[in-house]
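Have a look at the structure below before the remarks.
The values are calculated or read from the model by the stated rules, or taken from the named source; none is laboratory data. Owing to the predicted nature of the structure, the values given are computational and were not obtained by experimental measurement. All Cβ positions, even for glycine, are placed from backbone atoms using ideal geometry, and neighbour counts span all protein chains on display. We work out accessible area using only protein heavy atoms, side chains counted, and drop any ligands, DNA or RNA first. Shrake-Rupley method; radii C 1.70, N 1.55, O 1.52, S 1.80 Å.
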Amino acid sequence: MGAGGGAARRRRGTAAGLFGAALLVAGTVLTSGGAYAQPSPPPSGHSAGQGEDEDRDGQGGQGGHEGRKGEHGKNGPKAGSGESPSATPTRRSGAPAATPGAGGAASAARPAPAQGAVLAAAEDGPQAAVPTAQGLQQALAAALADRGLGDVTFAVADAGGGQLLYGSGENTPATPASTTKLATSVAALSLIPGDTRLTTKVVRGAAPGTITLVGGGDPTLTALPADQVQIGGQPVDADTAPASLETLARQTADTLTAAGTATVKLDYDLSMYAGNPRHKNHDGENIALVVPLMVDEAKADPKSRADAPARVTDPALAAAEAFAGLLKARGITVEGGAKPTEAPAAADAPVLGRVESPTLGRLVERLLTTSDNQLAEAIARQVALAAHQPASFEGAAAAVTQELARLGVPMGDVVLNDGSGLHLDNLIPPAVLVRLLSLAASEQHPALRPVLTGLPVAGFTGTLGKRYGSASGAAAAAGLIRAKTGTLSGVNTLAGTVVDADGRLLAFAVMTRTPATVPADTARAAMDRIAARLATCGCH
């Protein structure tokens with residue numbers, strides 16, 4: 001059947017698409033196993049202890065910071081739960097309480113189905129007809145001819161099986177911008193258990209009377225009161241709430257007071273990471289220094305919802321000073337100023353307090369939905385540590401490349417320099433992006449499912465929340481498409497999944513480069529119309 005089809009089939013296909021899209025909004029069970037970081041305890045145990053308008057890695061050169069203006073989502077709650085609805089969630093130590101009525105209301109509005117239902121969209125795909133190259137060519141020809149796209153390459157694949165169905169320049173490396181985060185996320189969830197949490201702790205220091213705040217690589221650690229914590233402008237719940245610096249200070253103060261200690265010296269340990277902490281495209285807004293200790297992603301105003309908020313110049317020192325202030329409020333005097341340690345804290349040093357981040361699966365969802373550069377670089381370093389590489393930009397890029405190659409992703413033409421996509425010299429072909437998405441949809445890799453549940457939903461969440469509107473020419477596809485966005489000056493990318501009119505789950509990637517005279521919004525709308533055509537045709 002051609003691209004046009006019949007009205008009845010279109011109605012049937014739209015219903016199937018809505019159903020498939022709704023299924024992929026929900027979370028799934030995350031697998032666990034051996035990994036570098038400490039996994040969370042079982043349900044019966046106890047824990048020991050974020051804006052882009054379109055894209056946080058770029059705004060098409062608008063608003064300054066040529067080539068670096070960043071992605072940051074401001075719309076909607078997290079798309080997927082990352083956990084089985086049948087599991088009994090455990091409240092971890094250090095997580096702020098959910099805002100009364102807010103997080104619960106969001107959860108009630110979107111109940112998570114069982115794991116089998118989440119996988120249904122991918123697993124039922126083989127029962128629907130596979131689009132043909134000819135059908136896809138017919139359906140996409142007009143949309144691909146849009147001059148607003150500039151130079152465009154693209155790929156469309158059957159998500160369930162990974163078969164490449166149609167493309168142009170699909171094997172040509174192109175600047176991925178924030179779609180780089182797909183590579184980071186797939187590698188992380190493949191190598192590290194999805195229930196892993198990042199731990200920030202305080203231990204007895206090597207010198208008498210000294211305590212050490214040990215950075216655990218969690219940029220989401222918050223100094224805000226529980227009722228002020230938001231992600232993308234939305235209240236958090238018990239599963240998405242970040243670890244609390246105030247809770248860590250309370251634990252530490254209680255332990256010190258019980259031991260009869262009222263005065264301490266404070267240092268902080270940054271030994272988890274290696275190399276230069278400054279990103280090549282550092283601007284103090286889209287990304288701060290990448291260090292293993294910070295609070296509220298080093299925002300100067302932790303409640304800022306700016307697309308690229310101002311960041312503090314020394315995130316670790318700012319976190320340590322905030323911690324010292326919280327100790328003082330609990331009766332513990334910190335002598336002198338906080339300073340970095342001369343050597344890493346001893347592995348067997350007595351622990352005075354500890355708090356833990358949300359699970360890795362939740363963090364991946366957050367970084368994809370909001371296109372969070374700071375969090376993406378932190379997760380990339382977790383990949384490096386798990387792969388026994390230095391936790392640096394170079395080590396993380398090597399570790400991600402190595403893990404994706406192990407998964408069978410063709411990495412010969414891929415160049416990675418970071419985990420976020422801010423680096424202008426990253427290169428990924430469209431065919432590799434659809435391969436990553438197909439792996440996440442594959443029944444052989446259920447641990448990768450948060451890559452799908454973290455993708456923004458067209459017209460509703462994250463970096464797609466303000467797209468697919470009434471004037472876009474793609475409004476009919478709102479809610480039917482989930483995709484990761486990417487933007488740098490003159491570069492716009494979109495890679496995600498869509499259920500076509502016959503109920504087949506497809507993966508697609510569109511990568512464009514436009515002259516400076518073409519507004520970024522023009523290119524984005526043109527890409528959105530390409531994805532929308534996939535949602536309305538059977539293409540066979």
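Quickly work out the Ser304-to-Asp227 label distance, labels modelled 7 Å from Cα along the C-beta direction, and quote it in nm with one decimal.
2.6
Please work out how many pairs of lysine residues in segment 264-420 are eight or more positions apart (or on different chains) and have Cα atoms closer than 22 angstrom.
5
Separation between the Ala141 and Ala516 pseudo-spin-labels, each 7 Å from Cα along Cα→Cβ, expressed in nm?
Output for this residue pair reads 3.7 nm.
Could you let me know the centre-to-centre spacing of segment 140-168 and segment 274-330, using Cα atoms, in angstrom?
With segment 140-168 and segment 274-330 each reduced to a Cα centre, they are spaced 39 Å.
Please quote Rg/Rh for segment 316-360 to two decimal places, taking the Kirkwood radius as Rh and restricting both calculations to Cα atoms.
Rounded to two decimals, Rg/Rh equals 1.00.
Might you report the magnitude of the Cβ-based charge dipole of segment 316-411 about its Cα centre, with Lys and Arg at +1 and Asp and Glu at -1, to the nearest 20 debye?
So the dipole magnitude of segment 316-411 works out to roughly 220 debye.
With every protein chain kept in the model, how would you rank Leu427, Leu352 by accessible area, 1.4 Å probe, largest at the top?
The ordering from most to least exposed comes out as Leu427, Leu352.
Sort 449-455, 331-337, 415-421 for me by packing, meaning the mean count of neighbouring Cβ atoms within 10 Å per residue, highest on top.
Most protected by this proxy first, the peptides run 449-455, 415-421, 331-337.
Taking the DSSP beta bridges in segment 182-321 as the whole, what percent of them are antiparallel, to the nearest 5?
Rounded to the nearest five, the antiparallel share is 55 percent.
Report the normalised scattering of segment 214-258 as log10 I(q)/I(0) at q = 0.15 Å⁻¹, calculated by the Debye formula with identical scatterers on the alpha carbons.
-0.45
Can you tell me the relative contact order of segment 468-540? Whole percent, Cα pairs under 8 Å, sequence separation 6 or more.
34
Kindly report the accessible area of segment 343-392 per residue (heavy atoms of protein chains, probe 1.4 Å, no ligands, DNA or RNA), in Å².
Per residue, segment 343-392 has an accessible area of 23 Å².
Can you list the equivalent-ellipsoid semi-axes of segment 157-215, largest first and in whole Å, using the square root of 5 times each Cα gyration tensor eigenvalue?
Its equivalent ellipsoid spans semi-axes of 45, 15, 7 Å.
Please list 221-231, 456-466 highest first by mean number of surrounding beta-carbon atoms within 10 Å per residue.
Result, highest mean Cβ count within 10 Å first: 456-466, 221-231.
Hey, could you pull the Cα Rg and Dmax for segment 312-447, both in Å?
19.2, 58
Using a 1.4 angstrom probe and counting only protein chains, how large is the accessible area of Tyr468 in Å², to 10?
About 10 Å², ignoring ligands and nucleic acids.
Considering only protein heavy atoms and a probe of 1.4 Å, how much of the accessible area of segment 191-250 is carbon and sulfur, as a whole percent?
For segment 191-250, the apolar C and S fraction of the accessible surface comes to 49 percent.
Enter the accessible area of Asp239 (Å², nearest 10), with the probe set to 1.4 Å and all protein chains included.
40
Starting from the eigenvalues of the Cα gyration tensor, five times each then square-rooted, give me the equivalent ellipsoid semi-axes of segment 243-387, largest first, whole Å.
Each semi-axis is √(5λ); the values are 28, 17, 16 Å.
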